[in-house]
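The block underneath contains the structure these notes are about, expressed in structure tokens.
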Amino acid sequence: MHCEALLAVQEPGRAEADFGRLDVETVIRNIYILFSGSELPVASENEEIMDLVQPSTPLPNWFTEEDLSAYASLYKKSGFRFALQVPYRLFERSWKDEADHPMPTDLKVRVPAMLVMGNKDYVLKLPGMEDYINSALLKENVPDLEIVFMSEGTHFVQEQLPEQINELIISFIKKHI
């Protein structure tokens, strides 16, 4: 059930057509409304993801109209292509055909790292995601990993709780310099 929404975004052209029906500001508004919850929105067979937001739905209280205008001005210039490529379309990329960039054999992260996620991030409900984040395999590949879950955080935790995130980053850096 949860993967259908990601598959729609991964399918080249589908999200672009869906987003293209609306002005840039409405697309960004809808994205922040849809992905600030703890449930992954799923469109039915006859819907697209942008159809899931009622126009009267307010923005999350931490995302202002000024934020929306600033983001819209940037996306009006760049479009949504890159935002759809990374990470939604490139994580399935095949390294086997990349003669110039063969798949590395040692993928271990050898520096201190920190993962900060919101407890209410819908990504945690993707099949296997929460198990992987808490697994020994992740710790094996990123041995010096500090994981922080923000209790009220959603997918946009860095925007929702900027002061707390900044404190975490500063503390992390101070601990490792």
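The table that follows gives values for the structure above.
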quantity: Distance violations [Cα-Cα > 32 Å] among Lys139/Lys174; Lys120/Lys174; Lys76/Lys120; Lys108/Lys175; calculated: none
quantity: Total formal charge among the other residues, if their Cβ is under 15 angstrom from that of Lys108, Lys/Arg +1 and Asp/Glu -1; calculated: -1
quantity: Whole-number D in µm²/s for the stretch 113-175 (Stokes-Einstein; Kirkwood sum over Cα pairs; 4 °C, 1.567 mPa s); calculated: 105 µm²/s
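None of the figures in this text is laboratory data; all of them are computed from the coordinates on show. This one's a predicted model, so the numbers in the text were calculated from it and none came from an experiment. Please note: Cβ atoms are built from the backbone with ideal geometry, for glycine as well, and neighbour counts cover all protein chains shown.
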